[in-house]
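In what follows, a structure is listed as structure tokens, so that the remarks can point back to it.
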Amino acid sequence: VELKNNASRRDQPMFCGTMRSGIMTLLAAVAPRVAGARVSVAVEPASLALTVSLDGAPWLRAEEIVVGSSTLSEGLLTLDSMTASNGTDALGAYRKTTMRCVTQLGDAVELSALDYDDDYVVFEQAFPGGLKVEATELSALTAFPAFAKDAEKRFFSYHGVFPQATSGTLDEYAESSQGGLPVVVFDAAAGSALVFSSLDHHKAQHAASGPTWFGAGIKATAAAIPAGWSQRWICAGLAGRAVRDAVDAWGAAVLKYHGVSNELRANRYRDVVHSTIGFWTDNGGYYHYATGDDPNRTYEDVLPEVHASHLEAGVPFGHWQFDSWFYPKDGSVEGGGGGGAVTNWTASDSVFPSGMAAINRALDGMPMVMHNRQWSVESDYIKNGQPPGLEWLLSGEAPDGAAAPRDPDAFFVWFFEQQDGWGLHMYEQDWMSKEYDVVEALHSNITLADDYLRAMARGVALSNRTQQYCMPYAYDILAAAALPAVTNARASNDYAHDKSQTVANWRIGLTALFYSALGVLPFKDGFYSSSLKQPGGQNEGPEPSPDRHAILATLSASMVGPMDGQGFLNASRVMATCRTDGIVLKPDRPLRAAEACFATAAPENCTFYDAATDAIDGLASIAYLYLDREPRVVPALADQLLYNWYTGALATRDAPVVVDPGYENHSYAISTPVLAGASSWAFVGEPDKYCTASSFRFSAVRPLDGDALLVTARGVADETISICAAHAEDDASWALYCAETTFAETDVPVDVTIAATAPLLRRGAVPRLASERGSTARQV
């Protein structure tokens, strides 16, 4: 259905009375919205303003439209026609209102609002004849919708590399380079939020803002917008639930649009790299551009000895990571690993004289994660024409320049066929921000940046590997939603910067909320497991809080990567993350900022995180609660018992509970449900593990007659564990009872009984002391 405005576009008012009346009649003919739907959009025909509502309450209002130098408010954007239609796409059935407008340069643009009976609405910008590109001071050439800034509403949005959240009131909103989306507009008291972001072509778009509005559109650096180009943005959320639930609903809608399921849980144990503890050599690790006390020894000399020391100590690392120190570059490298671009992604002769396959054999065929960075303008691939016929797009000069293949599909399919014998399982693409920032074509070509990420992930998938993003922008993470090969991404800066940076390496709660909603595991980087000084390495330490790093790495549900030098690894701390075969005992849901954070003045400064196990038969969710600052108070929650991991104290959550800190001055506790039908029991699991009740270990907990619990568990042949549960005593206090079992076979479930009448072990409060957890100073 269509109505046209035949008046002169430049000289006549946007509407005449007949036009306005006709459009109102037209819109009234569109099927009405189903009552009770949670997010809706309404377009006002008289003004072209639109309102996004959450459960019927207006939340965001847009009264501006920007297309190049033509704006609605200045009368330079003229309505040509307005149409209404119904349709169906990957998100479901929708009602679509399209405004065809004409700019002062004569270009037509079709701006649409799509209203679904669900948690989301969608906005589309389409350019049937292309768009003349004009210079602008904005970050985007276009803005639709352009929502009004509102001092009464709170928000947080994501910025920078390893995107971190910043918050404020909506009148303070400002985008940043490749940042500002997603933006979450929330009401913590009501548990309601709306999330606005791009829905497709994430690297072709950009957030933008003016003095009175914020929105998004085609990025201002695009040199041309071709005929037929279209792009979508989404606004999704929930009311009356929780801010985190609204973010999850947004993520689910983005994934649904791309036909991708959220593989977050499956990816925790997707393969050996995701499943096991790994030895990492990233920036801040002992072996990052360092080989120990003797600088004349090569990595080829040293690393097999390190591997042997791990085996001797009984620490069964299941994978290793090689960082940027192993391959040649076009410039000198700074202390933190920066400087120079990769000239050939293979071993430097000075590092592994015998080559990559030889070092992998020396490490007993260890599965590998391997780091790469931006491509050099002087790379061997360019000089040698590899693969044949491929053209490269060059920007700048070595060592500060960078390059990108004009045909990324052809390059990456060929590239990932070159690592035979390396043991490469996971490809780590680092310096993503620099590759994008330096290569001009990634800015000016509207499709290339998205094609580059898609082709890289496709090459990874075709070679049966997975990918980690490192130094990503927020828009890279948005793009990863459609790329299942990208299973994880760094959620914080390098470990080397942990002592100096404003946002410490371990503070990943709000970033993890963003990542996990899109099915991307949040990796916090490696760490030192020991609190001892480690002379001879890149980073001598000491690490003052190794438990904190180990706890949060475990709760991230991503990789756990100690980086200590030979002789310094704390075996007992590392083994507290995993089974005796090195498989990490993870939560079912990765850690995120706790819901209570959104009630604080600055959620990004809140260090109350939680993760959860929710896949054990017979149990509701078990939460793992980490608190790093005062007040260390866990809110009341009925029928829950709190176990302090450091002190062993037990307390019901009938009222708020203060969680006393451990020796590193942070608090860590497990909140477990009092069992229905057995009100005298609450399951804790393995107190000696950071994730005490991983569903990878335990599959069922059932009350028995006679005041006992039956626990189904699995483990490794000859592995002995203690399984514990809290029991309500006659004096209304709680005590911890434990049963010990040794597994006869690997991963064959066994039933273990915990009884309050005749316990194998009975524990009260068992505080952990400030020590190297029983290890000697140079244990390994």
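The values are calculated or read from the model by the stated rules, or taken from the named source; none is laboratory data. It should be emphasised that the depicted structure is a prediction, and the values quoted were computed from it without experimental measurement. Here the Cβ is made from the backbone with ideal geometry for all residues, glycine too, and neighbour counts use every protein chain on show. Quick note on the areas: whole protein, heavy atoms, side chains included, nothing else; ligands and nucleic acids left out. Shrake-Rupley method; radii C 1.70, N 1.55, O 1.52, S 1.80 Å.
A few notes on this one:
- Selected residue (criterion: farthest from residue 543 (Cα to Cα)) from residues of the range 633-648 that are touching a residue at least 24 places away in the same chain (Cβ under 8 Å) and open to solvent by 50 Å² or more (accessible area, probe 1.4 Å): 639
- Residue match in the range 474-486 (condition: closer than 24 Å to residue 548 by Cβ and among the hydroxyl-bearing types (Ser, Thr, Tyr)): no
- Near pairs, Cβ below 6 angstrom, 6+ apart or cross-chain, from the range 119-136 (under 16 Å from residue 231 (Cα atoms)) to any residue that is part of a loop (DSSP other than H, G, I, E, B) and at pLDDT 95 or above: 129/227; 130/226; 130/227; 131/107
- With respect to the conditions (1) at pLDDT 95 or above; (2) touching a Leu at 6+ places or on another chain (Cβ under 9 Å), residue 269 lacks only one, and its number is (2).
- Test: residue in the range 482-505 that is within 10 Å of the chain's Cα centre (by Cα), open to solvent by 10 Å² or more (accessible area, probe 1.4 Å) and more than 24 Å from residue 337 (Cα to Cα): no
A quick yes/no check of all residues on (1) among the polar types (S, T, N, Q); (2) under 27 Å from residue 412 (Cβ atoms); (3) open to solvent by 10 Å² or more (accessible area, probe 1.4 Å); (4) touching a residue at least 24 places away in the same chain (Cβ under 8 Å):
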position: 281; (1), (2), (3), (4): yes, yes, no, yes
position: 304; (1), (2), (3), (4): no, no, yes, yes
position: 308; (1), (2), (3), (4): no, no, yes, no
position: 336; (1), (2), (3), (4): no, no, yes, yes
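- Out of 571, 557, 593, 601, one residue alone is touching a Phe, Trp or Tyr at 6+ places or on another chain (Cβ under 7 Å) and hydrophobic (A, V, I, L, M, F, W, C). It is 593.
- Taking residues in the range 240-262 that are open to solvent by less than 60 Å² (accessible area, probe 1.4 Å), and partners anywhere that are assigned to a helix (DSSP H, G or I), the pairs with Cβ atoms closer than 6 Å and at least 6 places apart or on different chains are 242/595; 243/598; 244/595; 247/513; 247/517; 248/517; 251/517.
- Pairs are defined by a Cβ separation below 6 Å, a sequence spacing of at least 6 or placement on different chains, a first member in the range 532-548 that is at positive phi, and a second member that is part of a loop (DSSP other than H, G, I, E, B) and open to solvent by 50 Å² or more (accessible area, probe 1.4 Å); the pairs so defined are 536/293; 541/533.
- Taken over the range 141-155, the criterion of being in a strand (DSSP E or B), of a type in the set (Gly, Ala, Ser) and closer than 25 Å to residue 189 by Cβ is satisfied by 148 alone.
- Output for the range 266-309, where each listed residue is assigned to a helix (DSSP H, G or I) and of a type in the set (D, E, K, R): 268, 300, 301, 305
- Counted residues, the range 558-617 - those being out of contact with any Asp or Glu (no Cβ under 8 Å at 6 or more places or on another chain), open to solvent by 10 Å² or more (accessible area, probe 1.4 Å), under 23 Å from residue 285 (Cβ atoms) and in a loop (DSSP other than H, G, I, E, B): 1
- The range 164-203 - residue that is without any contact (Cβ under 8 Å) to a residue 40 or more places away in the chain and acidic (Asp, Glu) and, of those, nearest to residue 237 (Cα to Cα): 187
- When 651, 623, 638 are checked against the criterion of being more than 22 Å from residue 586 (Cβ to Cβ) and touching an Asp or Glu at 6+ places or on another chain (Cβ under 8 Å), 638 stands alone in meeting it.
- Tally, over the range 355-400, of residues that are within 21 Å of residue 424 (Cα to Cα), among the polar types (S, T, N, Q) and touching an Asp or Glu at 6+ places or on another chain (Cβ under 6 Å): 1
- Matching entry among 555, 569 (being touching a residue at least 60 places away in the same chain (Cβ under 8 Å) and either closer than 30 Å to residue 202 by Cα or among the hydroxyl-bearing types (Ser, Thr, Tyr) (or both)): 555
- The single condition among (1) touching a Pro at 6+ places or on another chain (Cβ under 9 Å); (2) open to solvent by 10 Å² or more (accessible area, probe 1.4 Å) that residue 426 does not satisfy is (2).
- In the range 55-71, the residues that are part of a strand (DSSP E or B) and among the charged types (D, E, K, R): 61, 63, 64
- Residue 90 being among the hydrophobic types (A, V, I, L, M, F, W, C), closer than 22 Å to residue 253 by Cβ, surrounded by fewer than 17 Cβ atoms within 10 Å (Cβ to Cβ) and at pLDDT 95 or above: yes
- Sole residue being within 30 Å of residue 265 (Cα to Cα) and surrounded by 21 or more Cβ atoms within 10 Å (Cβ to Cβ), chosen from 741, 692: 692
- Strands (runs of 3 or more DSSP E) fully within the range 460-530 counting 1 or more residues that are β-branched (Val, Ile, Thr) and modelled with pLDDT of 95 or more: 466-469, 486-490
- Look at (1) open to solvent by 10 Å² or more (accessible area, probe 1.4 Å); (2) within 28 Å of residue 315 (Cβ to Cβ); (3) of a type in the set (Ser, Thr, Tyr) and you find that residue 473 fails only one, number (2).
- Of all positions in the range 72-81, none carries a residue that is of a type in the set (Asp, Glu), buried (at least 20 other Cβ atoms within 10 Å of the Cβ) and in a strand (DSSP E or B).
- Exclusive hit being of a type outside the set (Asp, Glu), in contact with a Cys (Cβ under 9 Å, 6 or more places away or on another chain) and on the phi > 0 side of the Ramachandran plot, set 648, 677, 685: 685
- Of the helices (runs of 4 or more DSSP H) lying entirely inside the range 336-450, the ones with 2 or more residues being closer than 21 Å to residue 472 by Cβ are found at 408-415, 432-438, 440-444.
- Looking across the range 444-462, the residues that are touching a Phe, Trp or Tyr at 6+ places or on another chain (Cβ under 8 Å) and open to solvent by 30 Å² or more (accessible area, probe 1.4 Å) come down to 458, 462.
- Candidate set from the range 211-227 (those that are open to solvent by 10 Å² or more (accessible area, probe 1.4 Å) and farther than 12 Å from residue 447 by Cβ); member that is farthest from the chain's Cα centre (by Cα): 227
- Count of the range 220-265 residues which are modelled with pLDDT under 95 and either assigned to a helix (DSSP H, G or I) or touching a His at 6+ places or on another chain (Cβ under 8 Å) (or both): 2
- If the condition is being farther than 17 Å from residue 139 by Cβ and open to solvent by 20 Å² or more (accessible area, probe 1.4 Å), then the range 58-71 contributes 58, 59, 61, 63.
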